[in-house]
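The numbers here are math on the coordinates, done by the rules we state, and not lab data. As the structure is a prediction and not an experimental result, all values here were calculated from the model. Glycine also receives a Cβ, built like all others from the backbone with ideal geometry; neighbour counts cover every protein chain displayed.
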Amino acid sequence: MSLRKIVIEPDPILREKSESLEKVDDELRSLLDDMLETMYAAPGIGLAAVQVGVLKRLIVIDISKDKEKKDPLFLINPKIIHKSKQTSVHEEGCLSLPGHFAEIERPAECQIKFIDYNGKEKELSAKGLLATCIQHEVDHLNGVLFIDYLSKLKKDMIVKKLIKHKKELNKVVL
Ligand code: ZN
């Protein structure tokens, strides 16, 4: 396993639509393992492949609070098949937008179809933080970021700060 570099907004790749996968093999599992390790190291609770520069419909999630008992969820080609009318608000952050958080309203529950780590088709009903996390990550696969739900003013302000932040990161200190 190895750590991958996380893509920071603004970056055009984060606006691309990711492609579906045809098969689940060891190469794909190795990418999923890298994504999980990268997410844990960040640390974060969800990561989409596009955030490490790979335009494939892959997501890793772990919302377990107990650091000793990891509970990773691997989603390959996830498809939301149902969203509740009832909504809920969670404060969201994103590994591609470090240091920025906002309250986002989304359907409170969702149901998804996906392929798991072993290539098996599965369905999952989610509510609470997991439902929010799944919707946030599926958005990434479609080139959507949580700041897209904010007013233009708020969104522009965050992007401006991120541009500054990226410049600082690229400065070399000798
Ligand atoms: Zn994100």
Any DSSP H helix in the chain with Cα axial reach of 15 Å or more and mean Kyte-Doolittle score of at least -0.5? Listed by number, the hits are 26-41, 128-141
Report Rg(Cα)/(2.2 N^0.38 Å) for segment 107-169, keeping two decimals. 1.51
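Under a Cβ-Cβ cut-off of 15 Å, what is the net charge of the residues other than PRO72 that fall near it, where Lys and Arg count +1 and Asp and Glu count -1? Walk me through the numbers on the way to the answer.
Values: positive: ARG29, LYS65, LYS67, LYS69, LYS70, LYS122; negative: ASP33, ASP34, GLU37, ASP62, ASP66, GLU68, ASP71, ASP116, GLU137.
Around PRO72, the surrounding residues sum to -3.
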Interatomic Cα distance distribution for segment 1-94, bins of 5 angstrom, percent: 3, 11, 21, 23, 21, 13, 6, 1, 0
Excluding ILE6 itself, calculate the net charge of residues whose Cβ lies under 13 Å from the Cβ of ILE6, where each Lys or Arg counts +1 and each Asp or Glu counts -1. -1
Most exposed first by the Cβ proxy, i.e. fewest other Cβ within 10 Å, how do ILE104, ILE61 rank? ILE104, ILE61
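Less than 10 Å Cβ to Cβ from VAL144, Lys/Arg counted +1 and Asp/Glu -1: what total charge do the surrounding residues give? Intermediate values should be presented prior to the final figure.
Numbers: positive: ARG15, LYS17; negative: ASP139, ASP148.
Summing Lys and Arg as +1 and Asp and Glu as -1 gives 0.
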C-alpha center-to-center spacing [segment 82-132, segment 1-22] in angstrom: 18 Å
Can you figure out the FRET efficiency of LYS127 with ASP26, using R₀ = 22 Å and their beta-carbon distance, to the nearest 0.05? 0.05
Where nothing but the Cβ of Lys and Arg (+1) and of Asp and Glu (-1) is charged, how large is the charge dipole of the chain around its Cα centre, in debye to the nearest 20? 600 debye
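So how strong a dipole does segment 101-174 carry about its Cα centre when Lys and Arg Cβ are +1 and Asp and Glu Cβ are -1, to the nearest 20 debye? Intermediate results must be reported in sequence, preceding the final value.
Numbers: 14 positive and 11 negative charges, 117 e Å.
Result for segment 101-174 is approximately 560 debye, rounded to the nearest 20.
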For HIS90, HIS140, HIS165, which order do you get if you count the other beta carbons within 10 Å of each Cβ and list the fewest first? HIS165, HIS90, HIS140
Over segment 12-169, what is the relative contact order in percent, taking alpha-carbon pairs closer than 8 angstrom and at least six residues apart? 23 percent
Give me PHE101, PHE146 ranked fewest to most by other Cβ atoms within 10 Å of their Cβ, as a rough exposure proxy. PHE101, PHE146
Using the 2.2 N^0.38 Å rule of thumb for compact globular proteins, work out how segment 12-169 stacks up: its C-alpha Rg over that value, please. 1.03
